[in-house]
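Worksheet: the structure to be examined is printed underneath.
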Amino acid sequence: AFGFSSQPYRSLFSTIPELTHSGALIIDDIEDNSRKRRGEDCIHLRYGLDVSLNAANTLYYLPYLLFADHPHLSDPQRLALYKIMVKHAVRAHFGQGLDIYWSRNMHVAQWEKWLDEAMPEKILQMYAYKTSAVIEGQAETVGVITGVAPRLIKAGVDFSRDFGVAFQIMDDLHNLSRSKKWTKICGEDIMEGKMTLVLFQAVKKLEGESRKKLLAMICSKERRKTAVVHEAIRLIRSSGAVEACRQQARDMFEDAWRRFSRRLPNSEAKIMLRMLCQNLLNVNFDL
């Protein structure tokens, strides 16, 4: 889409994002006590924590060996790419750390403070760190490899960040799905006390007894791991938060694409990029 052939770098773009992302998913599932990933038992449930942690950490670093010997990269490019890798890996873990902090402090008294703070912006920042970091890193990598102008690199990074946030908003909505096509556990985020934008907006929109009931469920480690999770999902859906968050994600993507597309030359790659991102956001399951 930047106007350069990707053919000489296919080994980088087909390997590095896939393997590092797979490592991150293994770690994420361990931290979240997840049970299902892509329709099957999570790696740590199949092979144990020791093997899973070692495999995940190996996947973080192994693919970057491709930088060292790639024939089409100069030494200055390799240095820049290693710096990008480290920067975004740190950001992703900062985002995950904030996610864990909120989960550990999921108490009714804490919610009274959160409702008076600028929490939506903080949640979106957390998404930008934990979800968008790897996508931003790839956009920045493309910029280094192609040598395009800094303003175009920045445009690609900015778009990647907004797309990643929009994707995470939609992914959180899918967690409320009971569809057989959804390959995780319905309501798993609620069971683990995860702070998500849709949960925050639901609590904010609900009033009186409905809000108290939802808070009582999500703030109890014992209750939210039972069938009461389905009642929590019903309350979230009834609040209108699902529709509001879906629209926010779509608007965010459209605004980001409008800004980014102005800087891209018209091409088939540009069209395919938009279709790819749009289709990823439009996956709907039963929501």
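Of the listed residues R211, R262, the order by accessible area with a 1.4 Å probe, largest first, is R262, R211. Between helix 75-104 and the chain there is an angle of about 0 degrees, using the helix long axis and the longest principal axis of the Cα atoms. When H230, H44 are compared by accessible surface with a 1.4 Å probe, the order from highest to lowest is H230, H44. For Y101, the accessible surface of its heavy atoms amounts to roughly 120 Å² (probe 1.4 Å, protein chains only, rounded to the nearest 10). The figure for E254 is an accessible area of roughly 60 square angstrom, using a 1.4 Å probe on the protein chains alone. Adding -39500 (n - 2.57) for every DSSP H run of four residues or longer, then dividing by how many residues the chain holds, sets the calculated 222 nm ellipticity at -23000 deg cm²/dmol.
Structural size metrics of segment 157-287, computed from C-alpha coordinates, are Rg and Dmax of 16.9, 55 Å. By the gyration tensor of its Cα atoms, with a ≥ b ≥ c the square roots of the eigenvalues, what is the shape of segment 186-233: rounded for a/c under 1.5, prolate for a/b over b/c, or oblate? Judged from the Cα gyration tensor, segment 186-233 comes out oblate (a/c at least 1.5, b/c at or above a/b). Model label sites at S22 and A68, defined 7 Å from Cα along the beta-carbon direction, differ in position by 2.0 nm. Convex hull volume per residue, computed on the Cα atoms of segment 104-228, equals 125 Å³. Phi angles of segment 248-254 translate, via the Karplus equation with coefficients 6.51, -1.76, 1.60 and θ = phi - 60°, into HN-Hα couplings of 4, 5, 5, 5, 4, 5, 4 Hz per residue; Gly and Pro are given as x. Neighbours of L98 by Cβ distance under 13 Å: Lys/Arg scored +1, Asp/Glu scored -1, total +2. Using a probe of 1.4 Å, the accessible surface attributed to I145 totals some 20 Å² when neighbouring protein chains are kept in position.
Between 0 and 90 degrees, rounded to the nearest ten: what's the tilt of helix 268-282 against the longest Cα principal axis of the chain? Taking the Cα atoms of the chain, the angle to 268-282 is about 10 degrees. Relative to the longest principal axis of the chain, what angle (0 to 90°, nearest 10) does the C-alpha long axis of helix 10-31 take? Roughly 20 degrees between the two axes. Solvent exposure of segment 22-118, expressed per residue, is 59 Å² of accessible area, with all protein chains present and a 1.4 angstrom probe.
Calculated FRET efficiency, Q7 and K221, Cβ-Cβ r, R0 45 Å, to nearest 0.05?
Working: r = 52 Å, r/R0 = 1.15.
So, using R0 = 45 Å, E works out to roughly 0.30.
Stretched out fully, how many nm does the piece from K87 to T58 gain, at 0.36 nm a residue minus the Cα gap? Full extension of this stretch gives 8.6 nm more.
Computed from the C-beta positions of R178 and E209, the FRET efficiency with R₀ = 30 Å rounds to 0.75.
Only protein atoms count toward the accessible area here, which uses a 1.4 Å probe; on segment 155-237, the carbon and sulfur part of that area reaches 51 percent. Only one of (i) 1.06; (ii) 1.12; (iii) 1.38 was calculated from the structure for Cα Rg over 2.2 N^0.38 Å, and its label is (i). Net charge of the neighbourhood of G39, taken over other residues with C-beta under 11 Å away and scored Lys/Arg +1, Asp/Glu -1, is +4.
The 1.4 Å probe gives accessible areas that order K184, K154, largest first, as K154, K184.
The values are calculated or read from the model by the stated rules, or taken from the named source; none is laboratory data. These numbers were taken from a predicted model, which means no experiment stands behind them. Virtual Cβ from ideal backbone geometry, glycine too; neighbours counted across all protein chains shown. Please note that ligands, DNA and RNA were not included when accessible areas were found on the heavy atoms of the full protein model with its side chains. Shrake-Rupley method; radii C 1.70, N 1.55, O 1.52, S 1.80 Å.
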